[in-house]
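First comes the structure, then the notes that go with it.
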Amino acid sequence: MRPARALIDLQALRHNYQIAREVTGSKALAVIKADAYGHGAVRCAQALEAEADGFAVACIEEALELRAAGIRAPVLLLEGFFEADELSLIVEHDFWCVVHSLWQLDAIEKAALSKPITVWLKLDSGMHRVGLHPKDYQAAYQRLLASGKVAKIVLMSHFARADELHSQSSAEQVAVFEAARQGLSAEVSLRNSPAVLGWPQIPSDWVRPGIMLYGATPFEEANAVASRLQPVMTLESKVICVRELPAGEPIGYGAKFVTPKPMRVGVVAMGYADGYPRQAPTGTPVMVAGQRSQLIGRVSMDMLCIDLTDVPQAGLGSTVELWGKNILASDVAKAADTIPYQIFCNLRRVPKLYSGA
């Protein structure tokens with residue numbers, strides 16, 4: 001059996017969720033969209049359900065998967081509904097729903113709902129992706145109340161640059177939000193993972209931890225709270241072939257790496273079809289046989305090569321950590337000029353093995 005696998009530590013997941021609650025004192029929706037950022041949404045929800053205040057997913061398909069697995073906790077649809085006929089499912093399964101556009105508000109007013117729903121009313125405070133314009137926000141709130149079809153409204157927005165700790169953008173967005181919601185009596189949700197970790201002064205009755213749940217930092221620089229997070233996923237495989245090569249020999253597609261000296265090279269059963277980033281360059285860190293080493297040459301679909309020259313204890317069958325508790329996913333992502341969100345979400349084909357349930 002091919003040795004590539006992802007080890008998912010559910011106790012680390014709970015630890016990271018507890019940090020989000022501890023440092024904010026707020027209620028926390030665990031964001032498990034995109035299959036829990038590649039970690040397995042159902043298993044992650046099951047591990048967190050006893051303590052989580054609820055979950056957040058992108059769409060109703062992801063929410064229905066949780067209900068089918070027996071998850072009864074609140075589930076927020078972060079993109080709301082895409083068609084008005086989804087409202088019947090929202091009622092049936094007791095989902096919470098983001099409203100970010102006036103057409104969604106119109107649909108709720110026109111719908112025949114068997115019971116009122118919980119709405120998270122989203123303001124575009126400056127990201128300019130989705131969200132109501134500030135001039136429409138107060139009226140939308142009043143229309144929802146007047147419709148008789150809403151049991152509760154939470155006021156929310158989303159930050160564009162909270163991962164930039166020296167940017168004024170988040171403070172500016174808070175100011176827009178506060179002006180738009182002036183006089184409205186409702187709970188507020190503003191803080192995502194970077195705001196939970198780096199912006200303690202921003203008020204938020206509900207927080208929405210995402211990437212931090214999985215133990216990765218959203219910041220390029222060091223952060224005291226982020227340093228307490230525990231990696232949840234360890235992506236590992238094994239050395240399946242060892243080569244002894246003289247100086248001057250090319251390795252891999254395109255001959256992007258040529259041995260500068262006699263080298264001992266390990267071939268690892270891991271490639272971009274598994275989700276390892278193809279653009280990861282020579283020098284990207286790995287851990288083999290308990291010692292740090294590096295990727296060499298171009299990543300191919302099913303295999304990659306690593307330097308075993310100074311790791312004499314490594315050989316055929318040695319375990320290689322591509323990222324995890326020793327090789328941080330954020331370091332691999334940085335080397336590959338991407339972000340840990342993407343490398344987690346790109347994981348595929350690799351079986352997931354769970355511990356700490």
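Derivation of every value follows stated rules applied to the coordinates shown; laboratory data play no part. Values in this document were obtained by computation on a predicted structure and should not be read as measured data. No Cβ is skipped: glycine too gets one built from the backbone with ideal geometry, and neighbour counts run over all protein chains shown.
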Review point. Over the Cα atoms of the range 1-133, Rg to Rh with Kirkwood Rh, two decimal places?
Key: 1.02
Check your understanding: K122: which lysines have alpha carbons under 26 Å from its alpha carbon, excluding same-chain residues fewer than 8 sequence positions away?
Key -> K27, K33, K110, K135, K149, K152
Practice item. Could you work out how far the C-alpha centroid of the range 190-229 sits from that of the range 1-62, in angstrom? Key: 15
Review point. Please state the relative contact order of the range 10-219 as a whole percent: Cα pairs under 8 Å, 6+ residues apart?
Key: 21
Review point. Around V98, which amide H atoms from residues at least 5 apart in sequence, or from another chain, sit under 5 Å from its own amide H, with H modelled in the peptide plane?
Key: L77, G80, W120
Check your understanding: Dimensions of the range 10-219 along principal axes (Cα, Å, largest first)?
Key -> 44, 42, 25
Review point. Using a Gaussian network for the chain with springs between C-alpha atoms less than 10 Å apart, which of these wobbles most: V99, V225, V154?
Key: V225
Study note, to complete from the structure: Dividing the mean separation of Cα pairs under 8 Å (6+ apart) by the residue count of the range 233-355 yields a relative contact order in percent of 29
Study note, to complete from the structure: In cubic angstrom per residue, the convex hull of the range 111-223 built on its Cα atoms measures 118
Revision key, fill the gap. In vacuo Debye sum over C-alpha of the range 154-280, base-10 log of normalised intensity I(q)/I(0) at q = 0.12, 0.13, 0.20 Å⁻¹, listed in q order, is -0.68, -0.72, -1.10
Practice item. With springs only between Cα atoms under 10 Å apart, run a GNM on the chain and tell me which of A30, A45, A111 wobbles the most. Key: A111
Review point. Let a ≥ b ≥ c be the square roots of the eigenvalues of the Cα gyration tensor of the range 305-357; is it rounded (a/c under 1.5), or, if not, prolate (a/b larger than b/c) or oblate?
Key: oblate
Study note, to complete from the structure: Here, GluC sites (Glu not before Pro) of the range 46-98 satisfying both criteria (DSSP loop; at most 10 other Cβ within 10 Å) are E83
Exercise for review: Quick one: which residues, 5+ away or cross-chain, put their amide H under 5 Å from the amide H of R292? H built at 1.01 Å from N.
Suggested key: none
Exercise for review: Before anything else, pin down the relative contact order of the chain: Cα pairs under 8 Å, at least 6 apart, normalised by residue count, whole percent.
Suggested key: 18
Check your understanding: In units of 2.2 N^0.38 Å, what is the alpha-carbon radius of gyration of the range 192-244?
Key -> 1.67
Point to revise | GNM top mover of R191, R292, R14 - the chain, alpha-carbon springs below 10 Å | key: R292
**Study point:** Cα-Cα P(r), the range 240-357, percent of pairs per 5 Å interval
**Key:** 2, 11, 22, 25, 21, 11, 5, 1, 1, 0
Review point. More than 31 Å apart: what percent of Cα pairs in the chain qualify?
Key: 42
Practice item. Please list, in chain and number order, the residues 5+ apart from N192 or on another chain whose amide H is under 5 Å from its amide H, with Hs placed from the backbone. Key: F159, R208
**Study point:** the chain: antiparallel DSSP beta bridges as a percent of all, rounded to 5
**Key:** 50
Point to revise | Quarter of Cα convex hull surface for the range 233-282, i.e. mean projection, nm² | key: 4.1
Review point. Seen from all sides and averaged, what is the projected area of the convex hull of the Cα atoms in the range 56-110, in nm²?
Key: 3.4
Point to revise | Counting all C-alpha pairs of the range 1-48, share separated by more than 12 Å (%) | key: 66
Point to revise | Signed unit charges on C-beta, dipole axis of the range 132-280, positive-most listed residue A160, V150, L229 | key: V150
**Study point:** Qualifying lysines (Cα of each under 16 Å from Cα of K238; at least 8 residues distant if same chain)
**Key:** K352
